[in-house]
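The values are calculated or read from the model by the stated rules, or taken from the named source; none is laboratory data. Here the structure is a predicted model, which is why all the values come from computation and not from measurement. With ideal geometry, Cβ positions are generated from the backbone for all residues, glycine too; neighbour counts draw on all protein chains shown.
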Amino acid sequence: MAFANTSITDVIATTIENRSRQLADNVTNNNPLLKHLDMRGNVETFSGGRTIMKELLQAESGNFSWYSGYDTLSTGAQDLISGAEFSIKQCAVPVVISGLEMLQNRGREGLIDLIKGRVKASESTMANNIEDGLFSDGTGSGGKIITGLDAAVPQDPTTGTYGGINRATATNAFWRSQLRDSASTITASTIQTEMNALWAACTRGTDVPDMIFLGQTLWLLYMASLQPQQRFTNPKMATLGFSAVEFMTSPVFLGGGIGGQALATDGYFLNSKYIHYQPHADRNMVPLSPNKRYAMNQDAEVQIVAWAGNLTMSGSKFQGRLIGI
């Protein structure tokens, strides 16, 4: 039986709805940062609000003291908790099928196969653009792109506002990430020394970087610095399909790649304990409408796959950036 335009009941919407969880999972599984955050439990949906808020412990209590016997203890009020505020970013990709294509794929199964192919293409498009957003500074597309690592761990952590907190203010020094800007161009013989220095700067007790992204230039230098007998792979990430060597105990990934946003001469030392990927609970790779959408002046049916959320941070001082040139 042939299906005319009006007799196909929400084929696009239901196909996307049935794949929405898989869409979200595939975006996460396509990216080592998101996969790592997911493994840590740091892929956290939020349910509403004007912005995404993250509570921060901005200082230690000033009431601590050593004492003896009946010494007086300080009980003064302490302003220890602050909050970072992140905008909700949105993105979408339409899935479109024309009336002619509906006629050409006459059976319902054939039509669903066609739509599945287009949904997969949309899935790939969404995943690639979100990955670009993860490395961005949040200013692209008129400030609508994800507030990514270039903003969270900037080249100059003493300037600018991030999460609504002005880093230039001395009292907000707790909100500055670490920086290692090499005095001279990094080479294969010096890169591990520079990485050691940044690792130490980002470390507090058991709080250590657990992911490293190196831009292509730095990644090639690091690989060149390794002797064959010293090239240890990270088995956990390898089993998930991500190729990574290790530095200290952290997997080292090639940041950027084909069409990527990461700067070739920069690297990120990340402590994922304080990094959060937060899609909205009702807008995580889902169709915008459960019903059919028709183009007003075209013989076509449209459905839109949509996402809303942002990358947030609750501990900037544990993150580091390496500038190689």
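For the stretch 153-162, a residue qualifies if it is among the hydroxyl-bearing types (Ser, Thr, Tyr), surrounded by 13 or more Cβ atoms within 10 Å (Cβ to Cβ) and assigned to a loop (DSSP other than H, G, I, E, B), and exactly one does: Thr158.
Scanning the stretch 193-215 for residues that are free of Cβ contacts under 8 Å to residues at least 60 places away in the same chain and surrounded by fewer than 17 Cβ atoms within 10 Å (Cβ to Cβ) yields Thr193, Asn196, Ala197, Ala200, Gly205, Thr206.
In the stretch 193-221, how many are assigned to a helix (DSSP H, G or I) and touching a His at 6+ places or on another chain (Cβ under 8 Å)?
Here the count works out to 0.
Return the residues of the stretch 206-222 that are closer than 13 Å to Asp266 by Cβ and either touching a Phe, Trp or Tyr at 6+ places or on another chain (Cβ under 7 Å) or basic (Lys, Arg) (or both); say none if nothing qualifies. Of everything in the stretch 206-222, those that are closer than 13 Å to Asp266 by Cβ and either touching a Phe, Trp or Tyr at 6+ places or on another chain (Cβ under 7 Å) or basic (Lys, Arg) (or both) turn out to be Ile212, Phe213, Leu214. Number of residues in the stretch 271-284 that are modelled with pLDDT under 90 and under 15 Å from the mean Cα position of the chain (by Cα) equals 1. Residues in the stretch 163-181 that are surrounded by 18 or more Cβ atoms within 10 Å (Cβ to Cβ) and assigned to a loop (DSSP other than H, G, I, E, B): Gly163, Arg167, Arg176, Ser177.
Among the residues that make up the stretch 136-152, is at least one of them touching a Gly at 6+ places or on another chain (Cβ under 9 Å), among the acidic types (Asp, Glu) and in a loop (DSSP other than H, G, I, E, B)? Yes: one or more hits.
Any idea which residue in the stretch 114-145 is modelled with the highest pLDDT, counting only those that are exposed (fewer than 14 other Cβ atoms within 10 Å of the Cβ) and under 18 Å from Ala300 (Cβ atoms)? Filtering first and then ranking leaves Ala121.
Criterion first (at pLDDT below 90 and over 30 Å from Ile97 (Cβ atoms)) does Gly260 satisfy it? When the stated conditions are applied, Gly260 passes them.
Of these, Asp266, Asp299, which one is modelled with pLDDT of 90 or more and among the acidic types (Asp, Glu)?
Testing whether each residue is modelled with pLDDT of 90 or more and among the acidic types (Asp, Glu) leaves just Asp266.
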